Amino acid sequence: MAIIEVDGLVKRYGDHTVVDGVGFAVEQGEIFGILGPNGAGKTTTVECVEGLRTPDGGTIRVCDIDPRRDTGELRQLLGAQLQESELPDKLTVGEAMELFSSFYRHPADWRDLVDTLRLSGKLGTQFRRLSGGQKQRLSIALALVGNPRVAVLDELTTGLDPQARRDTWDLIEDIRDRGVTILLVTHFMEEAERLCDRLAVIDSGRLVALDSPAGLVSRVDERQRIRFRPSAPLDHAVLTALPEVTSVERAGSQLVVSGTGDLLLAVTTVLARNQVVAADLRVEQTSLEDAFVALTGRPFDA
Amino acid sequence: MSALSRLTVTETKLFFREPMIVFFALAFPPILLVIFGAVPSFREPDPSIGGLRVIDLYVPIVVALGLATFALNGLSQLFATYREKGVLRRMRTTPVKPGTMLGAQLLMSTILSVLTMVVVLAVGRLAFDVSLPRQLPAYLLGYVLAALAMFAIGLLVASLAPTGKSAGAIGTVLFFPIVFFAGLWIPRDNMNGVLRTISDLTPLGPAVQSLQDATAGHWPQPLHLAVMLGWTIVAGGLAARYFRWE
């Protein structure tokens, strides 16, 4: 059974419909991504899941709980990391962990969490003196201190440098391995591609697609392209004869072979048989970004 | 430890990390009393105020000043800043109830204000021979009602102000008329009829009079208790009505 079920969600602010009929189901143990450009309605959608906003239409169940009706129970089961929320300036990391763990029925061992999130050396440091990455890690630790079954992480890596971002991704995978289901809001293609088992693509308040990252990509275009510099002249006909190959073009000293299926294996086998070595070989595949453009008909302006 | 006590302990720790607020809320009232007491004429019995000394009148005024500082410079600014920075929003995603959050703030403000009151009474008694309250239950009743009224006003300011800074500004603007009518510049006994009538209707005028009456051994006047209760209900009701988490 799905751990989060959203069906026909509608949310309006005045005349403006921000979320328009979004629906998806998140399975236990998944990292489920909500991807879309800024202003697409991602945050509003998860705020409804978190019980922070009342939907104007549709239904939501989290662990079989209605977030608006049984808010108290939801708070025990769902840990949230919010965009742009801070802690008191002079609160230390240790005090924050101790304080937040006192809110829950069955809190996790916060010292353990602090270790996992590499904050053990910062227990006595005040919030205002933490770096951006440390603040984000503390925010994740606080979202997990109640031993939640679901963690909602909203724009977690925005504003982090590339190394801190990669570190955070590793952490998220660790958390999933502890059995926590993760709902991840992001506008980074790379993040979605790297982390998510499945993705809901949202644009202008509507659900555009729902699939695995690879599934989304293949849905748009299955074609692959291989580029290489042949070590010896090669008759194009040898390649075009392959069922996987659709076209062969010359670009300067390089050959560009387009095709589908097991293209790489087919091409390299033929090359080996003809004793040609492929130098500077590169395989180009459709990216999630290409998929987004194809799905929404406009460039991704993240 | 329960969420309420943990929150109260944490808030108190944070309070003591703000030296300016600590000074004005805790240390300033006793210091002010010492300054008033240093004026020789304030220590002479004055027949125009029934043979009391000016310093006798200033002890309840300074106690009321302590409450006003806590409510208008501490509580209101703290809560508005928490909202501005998303601290309240963050708390909303946890099982802690809004009332618990509020309760912790009020508990801390009450405990620390009572501490200030005790210090002010002790300084008055030991340094200037000001008599302690003869009617203690009446004194405490007056004090609790005054605290409720002032904290309700502080929370109303926190509810209406868009930012922590503006809460500080609104608090300061309200602070001066409220402590004026409490008698900080002209004690109530020296006010003319019009001023004293206005003072009777402000939150701290009745507070000071009730504390003064209880010190002399009398129960507060019903009008004064009613006015303080009225401020609590109106300001508290409006604060609850306009309270926003974000």
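Values quoted throughout were computed directly from the atomic coordinates according to the rules given, and no laboratory measurement underlies them. Predicted, not measured: the structure shown is a model, and the values here were computed from it. FYI the Cβ positions are ideal-geometry reconstructions off the backbone, even for glycines, and counts take in every protein chain you see.
Key figures for this structure:
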read-out: For the protein assembly as shown, fraction of C-alpha pairs farther apart than 41 Å, in %; value: 44
read-out: Local net charge near residue A:126, Cβ-Cβ under 10 Å (Lys/Arg +1, Asp/Glu -1); value: +3
read-out: Cα gyration tensor shape of segment A:2-93, rounded if a/c is under 1.5, else prolate or oblate by comparing a/b with b/c; value: oblate
read-out: Angle between chain B longest axis and helix B:54-69 axis [Cα atoms, degrees, rounded to 10]; value: 10
read-out: Peptide A:141-151, shielding by other chains (average Cβ, 10 Å cutoff); value: 1
read-out: Around residue A:97: net Lys/Arg minus Asp/Glu count, Cβ-Cβ under 12 Å; value: -1
read-out: Gain upon complete extension [residue A:73, residue A:249; 0.36 nm per residue less C-alpha separation]; value: 57.2 nm
read-out: Shielding of A:81-92 by partner chains, average beta-carbon count, 10 Å; value: 6
read-out: Too-long pairs where the Cα-Cα distance tops 30 Å, listed order kept, from A:11/A:90; A:90/B:97; A:42/A:90; A:42/A:122; A:42/A:135; A:42/B:13; value: A:11/A:90; A:42/A:90; A:42/A:122; A:42/B:13
read-out: Cut-off 14 Å between beta-carbons: net charge of the residues surrounding residue A:256, Lys and Arg +1, Asp and Glu -1; value: +3
read-out: Förster-model FRET efficiency, 25 Å R0, residue A:161 and residue A:90, C-beta, rounded to 0.05; value: 0.45
read-out: 222 nm mean residue ellipticity, helices alone, for chain B (DSSP H n ≥ 4; -39,500 (n - 2.57); rounded to 500); value: -23500 deg cm²/dmol
read-out: Partner chain coverage, peptide A:101-109 - average Cβ within 10 angstrom; value: 3
read-out: Mean Cα-pair separation over length for segment B:94-246, i.e. relative contact order, pairs under 8 Å, 6 or more apart, %; value: 33
read-out: Relative packing of peptides A:143-150, B:76-83, A:36-43 - highest average C-beta neighbours within 10 Å first; value: B:76-83, A:143-150, A:36-43
read-out: Relative contact order of segment A:2-218, defined on C-alpha pairs under 8 angstrom at six or more residues apart (%); value: 30
read-out: Within segment A:266-294, backbone nitrogen closer than 13 Å to the virtual label 7 Å beyond the Cα of residue A:240 toward Cβ; value: none
read-out: Rounded, prolate or oblate (a/c below 1.5 giving rounded, otherwise prolate when a/b exceeds b/c) for segment B:110-245 by Cα gyration tensor; value: prolate
